[in-house]
Amino acid sequence: MLIKILGIGVCTLLINIVLKQYKPEFSLLANVCGGLIIFMLVLNEGKLFIEEIANFGNYAGVKTDIISPILKVIGIGYITEFTSDLAEDCGNKSISNKVVLGGKVAICISAFPIIKNLTTAILSII
């Protein structure tokens with residue numbers, strides 16, 4: 001998979017260099033398309049990662065109500081970073097900052113069940 005991602009990245013860079021010389025308005029489109037293709041490849045492999053984490057959680061006896069929010073937080077972080085970088089590549093730094101802010105809020109909301117379980121566990125010990 002890494003070879004595919006690197007290959008698509010290099011091809012996207014080469015296409016971008018050529019397009020900047022002849023059709024600069026299409027170079028941004030090439031960057032977006034290349035980034036989306038790489039993102040889809042990573043998502044496809046991400047399914048395997050999620051399955052392995054779930055299997056490990058079941059094996060270790062960890063409740064799924066803890067694993068699920070952790071995976072959501074990881075996913076939100078990656079998607080937010082990708083979208084923010086995409087907006088920054090398009091020259092929209094302010095939109096990029098708003099996307100990051102939205103991602104941080106979404107992470108806080110998604111992490112609340114983890115905080116709740118942790119607080120309950122600490123209070124039961126005390």
Subject >> Given (1) in contact with a helix residue (DSSP H, G or I) (Cβ under 8 Å, 6 or more places away or on another chain); (2) at pLDDT 90 or above, index of the condition Ser94 fails >> reply: (1)
**OP:** Tell me, please, whether a residue that is in contact with a Ser or Thr (Cβ under 8 Å, 6 or more places away or on another chain) and either assigned to a helix (DSSP H, G or I) or of a type outside the set (Lys, Arg) (or both) can be found in region 24-31.
**Re:** yes
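Quick grid of which residues meet (1) small (Gly, Ala, Ser); (2) exposed (fewer than 15 other Cβ atoms within 10 Å of the Cβ); (3) in contact (Cβ under 8 Å) with a residue 60 or more places away in the chain:
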| residue | (1), (2), (3) |
| --- | --- |
| Gly7 | yes, yes, no |
| Val10 | no, yes, no |
| Leu29 | no, yes, no |
| Ile38 | no, no, no |
| Asn44 | no, yes, no |
| Lys47 | no, yes, no |
Original post:
From the list Ile67, Ile107, which residue is within 26 Å of Met1 (Cα to Cα), among the β-branched types (Val, Ile, Thr), part of a helix (DSSP H, G or I) and in contact (Cβ under 8 Å) with a residue 12 or more places away in the chain?
Top reply: Ile67
**OP:** Please find, among Ile95, Ile107, Ile66, the residue that is aliphatic (A, V, I, L, M) and under 13 Å from the mean Cα position of the chain (by Cα).
**Re:** Ile107
Original post:
How many residues does region 51-62 hold that are exposed (fewer than 15 other Cβ atoms within 10 Å of the Cβ) and either touching a residue at least 12 places away in the same chain (Cβ under 8 Å) or under 21 Å from the mean Cα position of the chain (by Cα) (or both)?
Top reply: 2
**OP:** All but one of (1) in contact (Cβ under 8 Å) with a residue 12 or more places away in the chain; (2) not in a helix (DSSP H, G or I) hold for Gly91, so report the exception by its number.
**Re:** (1)
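The values are calculated or read from the model by the stated rules, or taken from the named source; none is laboratory data. Keep in mind that what you see is a predicted model, and the values were worked out from it rather than measured. Heads up, the Cβs are rebuilt from the backbone with ideal geometry, glycines too, and the neighbour counts pull from every protein chain shown.
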